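Q: There's a structure below that I have some questions on.
The values are calculated or read from the model by the stated rules, or taken from the named source; none is laboratory data. Being a predicted model, the structure only gives us computed values, none of them experimental. We place every Cβ from the backbone using ideal geometry, glycine too, and count neighbours over all the protein chains shown. To get the accessible areas, we keep the full protein, side chains included, count just its heavy atoms, and leave off ligands, DNA and RNA. Shrake-Rupley method; radii C 1.70, N 1.55, O 1.52, S 1.80 Å.
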Amino acid sequence: MPGAEPYHHRGGPVGVLLCHGFTGSPQSLRPWAEHLAAEGLTVSLPLLPGHGTRWQDLRITGWTDWYGALDRELRLLHERCATVFVAGLSMGGGLALMLAARHGPAVAGVVAVNPSVRRDDPRMIALPLLKHIVPTAPSIAGDVAKEDSPETGYDRVPLHAAHALTKFWTAVQRELPRVTQPLLLYRSPDDHVVSPANAALVLARVSSRDVTERLCPRSYHVATLDHDAPEIFDGSVAFVRRLAPEAAEEPAT
C-alpha cells in the first residue's frame, strides 16, 4: 500500500524501535519516526508481517509473527546502538510492552500510545467459531479527529487475525508484571477503538516505578496522526533524553 513502507534512520548511539498497530502500517507512525530522526536518534519502524499489502495477507499471520519481527528488529538495533527504547501505538504499544518484559535491561524505556492489551467487545468471545463463518469485519482504521489526516490501513479486518490478536492479549497480560522499565503512557479519552480499561490494566499490572500517564484530549485512537501528535513527539524525545543523556548530544542529521 502506498505509504506503508518501513522506515529506518541511522542516527546516534541511542535508538528507538517503533511498533505500529493491528491492520495499520508504518504510515501511522511515520511523522513520529521522522521527528525522532531529526533529533539525532537512530530509528527503526518496521512493517509487521501481513500488514501494508492486502487484508488477505494478514489472515494467515499470528501474533508470534508480529512479535518475532519486532524482536529481530530490536536485536539489530542493539548492534548499532548502546541504548534502545521501544514505543508503539495500539497493538504496537502492547507489543512494545512485551518486548520490554522479555528483554529486560536491554530496553531502556517504553512509550505506549493508546495501548491495546485486552478484549473490549464481548462479541469477540465468539471468534473461534465465527472466523469459520464470517471472513471479515468492518475496518477499525482511521479513528482520527483531525481532518485531512488519513490513516493507511486495511478496509476490512480478517477474523482469523482478530482471533490471533485475542491470543496476544492473553499473552501480554501475563507479561505485564515483568515490565520494570520507565513507562510513558499516552491515552485518548475519546478513543473509539480501545477503551480506557486498557491503559488502566497496564498501569495496574506493570512493575515500573517511573510511570507517567498523559492525556490526548483533542485526539481519537490514532493520536500519532491527530491534534496531540506534537505533544507525543516532544514528550517522547524529552523522555529519551532524561533517561539517556547522551541523546541530547546527538546532532540532527
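Q: Looking at (1) modelled with pLDDT of 95 or more; (2) open to solvent by less than 10 Å² (accessible area, probe 1.4 Å); (3) not hydroxyl-bearing (Ser, Thr, Tyr), which is the one condition that is false for Pro158?
A: (1)
Q: Check Ala112, Ala33, Ala137, Ala96 and return the single one that is under 22 Å from Pro182 (Cα atoms) and not in a helix (DSSP H, G or I).
A: Of the residues listed, the single one that is under 22 Å from Pro182 (Cα atoms) and not in a helix (DSSP H, G or I) is Ala112.
Q: I'd like to check something: does the range 26-43 contain any residue that is among the basic types (Lys, Arg) and farther than 19 Å from Gly3 by Cβ?
A: No.
Q: Can I ask one more? Please note which helices (runs of 4 or more DSSP H) are completely contained in the range 154-253 and include at least 2 residues that are among the aromatic types (Phe, Trp, Tyr).
A: So the answer is 159-175, 229-243.
Q: Looking only at the range 68-85, decide whether some residue is of a type in the set (A, V, I, L, M), open to solvent by 40 Å² or more (accessible area, probe 1.4 Å), without any contact (Cβ under 8 Å) to a residue 40 or more places away in the chain and out of contact with any helix residue (DSSP H, G or I) (no Cβ under 8 Å at 6 or more places or on another chain).
A: Checking the range 68-85: at least one residue is of a type in the set (A, V, I, L, M), open to solvent by 40 Å² or more (accessible area, probe 1.4 Å), without any contact (Cβ under 8 Å) to a residue 40 or more places away in the chain and out of contact with any helix residue (DSSP H, G or I) (no Cβ under 8 Å at 6 or more places or on another chain).
Q: Here's a follow-up. For the range 203-222, what are the residues that are out of contact with any Phe, Trp or Tyr (no Cβ under 6 Å at 6 or more places or on another chain) and under 28 Å from Pro150 (Cα atoms)?
A: Glu213, Leu215, Pro217, Arg218, Ser219, Tyr220, His221, Val222
Q: Moving to a separate point now. Go through (1) more than 13 Å from the chain's Cα centre (by Cα); (2) open to solvent by 20 Å² or more (accessible area, probe 1.4 Å); (3) more than 25 Å from Ala137 (Cβ to Cβ) for Gly3 and report which single condition fails.
A: Result: Gly3 passes all but (3).
Q: Got a sec? Which of Arg214, Arg187, Arg209 is crowded, with 18+ Cβ neighbours inside 10 Å, under 27 Å from Val84 (Cβ atoms) and of a type in the set (Lys, Arg)?
A: Arg187
Q: When you go through Leu176, Leu203, Leu129, Leu185 one by one, which is the residue that is in contact with a Leu (Cβ under 8 Å, 6 or more places away or on another chain) and free of Cβ contacts under 8 Å to residues at least 24 places away in the same chain?
A: Leu203
Q: Run down Pro105, Pro128, Pro115, Pro122 and say which single residue is at pLDDT 95 or above and either under 20 Å from Arg242 (Cα atoms) or surrounded by fewer than 22 Cβ atoms within 10 Å (Cβ to Cβ) (or both).
A: Pro105
Q: How about the range 44-65: which of its residues are of a type in the set (Ser, Thr, Tyr), in a loop (DSSP other than H, G, I, E, B) and open to solvent by less than 40 Å² (accessible area, probe 1.4 Å)?
A: Thr61 - this is the single residue of the range 44-65 that is of a type in the set (Ser, Thr, Tyr), in a loop (DSSP other than H, G, I, E, B) and open to solvent by less than 40 Å² (accessible area, probe 1.4 Å).
Q: Pull up the range 6-43, narrow it to residues that are among the hydroxyl-bearing types (Ser, Thr, Tyr) and within 22 Å of Asp65 (Cα to Cα), then point me to the one that is most open to solvent (accessible area, probe 1.4 Å).
A: Tyr7
Q: Take the residues in the range 206-231 that are of a type in the set (Gly, Ala, Ser) and more than 13 Å from Gly109 (Cα to Cα); name whichever of them is farthest from the chain's Cα centre (by Cα).
A: Among those that are of a type in the set (Gly, Ala, Ser) and more than 13 Å from Gly109 (Cα to Cα), it is Ser219.
Q: Would you check if there is a residue in the range 232-244 being surrounded by fewer than 17 Cβ atoms within 10 Å (Cβ to Cβ) and over 21 Å from Ala106 (Cα atoms)?
A: Yes, that holds for at least one residue.
Q: Would you be able to tell me the number of residues in the range 1-27 that are within 8 Å of Leu45 (Cα to Cα) and among the polar types (S, T, N, Q)?
A: Going through the range 1-27 one residue at a time, the tally reaches 0.
Q: Does Gly68 fit the bill of being out of contact with any Gly (no Cβ under 7 Å at 6 or more places or on another chain) and assigned to a loop (DSSP other than H, G, I, E, B)?
A: So Gly68 fails the test.
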